[in-house]
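So the structure is just underneath, and the comments pick up after that.
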Amino acid sequence: MATEARDRIAARDRVEQRRRPAEVPSTVRDDSEDEMVVSFPEFVFKEFIAAVAMTAFLILVSVWLQAPLLGQANPGMTPNPSKAPWYFLGLQELLSRFPPLMAGVAFPTFVIVLMILVPFLDRNPSRRPSERKVAIILFALYTAIVVALVIIGTFFRGHEFVWDWGWVLGNPQTCGGSPC
């Protein structure tokens with residue numbers, strides 16, 4: 001019983017010691033010899049230069065590639081099948097190869113669950129890329145598959161989403177003997 005009371009008193013004293021303000025040092029640290037870079041002019045200027053360079057790059061790429069525009073939209077007639085935007089072309093390519101349940105539900109769910117499990121599969125605490133082989137291989141594999149599906153959907157799918165070698169071979173695609 002007495003030891004219980006002593007333990008309670010000791011615990012209360014520890015809590016009170018934590019609540020007391022810490023003593024402020026009487027001397028101020030001299031940091032004049034430390035190398036210090038002020039973030040406002042240095043890093044903000046570098047970020048501004050990077051933003052200007054990226055804007056110039058995007059303008060040059062948009063002028064060089066010239067995205068083809070179709071005619072005015074007609075809600076009464078949609079192309080069959082219509083081509084998805086580039087960020088959904090991988091999923092549309094999967095839908096053209098696999099049943100909808102597999103391509104639209106199972107594969108994306110598998111990828112999301114795998115991405116959630118990657119930190120548990122690769123327990124290496126290192127931050128160096130040379131020591132994180134499992135995570136890098138999984139990410140590279142995922143990226144290669146996504147990029148390949150988007151490239152196939154963009155460049156090798158022609159009119160009515162039919163496989164088309166014309167862009168690679170240099171000859172235009174024909175639809176039943178006439179150009180599309």
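The values are calculated or read from the model by the stated rules, or taken from the named source; none is laboratory data. What you see is a predicted model, and the numbers here were worked out from it, not measured in a lab. Using ideal geometry, Cβ is built from the backbone for each residue, glycine included, and neighbour counts are taken over all protein chains shown.
Values as computed for the structure displayed
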| item | result |
| --- | --- |
| Complete set of residues in the stretch 109-159 that are farther than 16 Å from LEU91 by Cβ, among the polar types (S, T, N, Q) and surrounded by 10 or more Cβ atoms within 10 Å (Cβ to Cβ) | ASN124 |
| Options MET102, MET115; residue that is more than 21 Å from SER82 (Cβ to Cβ), assigned to a helix (DSSP H, G or I) and at pLDDT below 90 | MET115 |
| Matching residues in the stretch 116-138 - criterion: being without any contact (Cβ under 8 Å) to a residue 12 or more places away in the chain and within 25 Å of ILE152 (Cα to Cα) | ILE136, ILE137 |
| Qualifying residue in the stretch 61-81 (condition: within 24 Å of ILE151 (Cα to Cα) and touching a Gly at 6+ places or on another chain (Cβ under 9 Å)) | no |
| Any hit, the stretch 10-20, residues being among the small types (Gly, Ala, Ser), under 41 Å from the mean Cα position of the chain (by Cα) and either exposed (fewer than 10 other Cβ atoms within 10 Å of the Cβ) or at pLDDT below 85 (or both) | no |
| Flag for PHE48 being modelled with pLDDT of 90 or more, part of a helix (DSSP H, G or I) and under 27 Å from TRP163 (Cβ atoms) | no |
| Residue check, PRO81 assigned to a loop (DSSP other than H, G, I, E, B) and either surrounded by 10 or more Cβ atoms within 10 Å (Cβ to Cβ) or at pLDDT below 80 (or both) | yes |
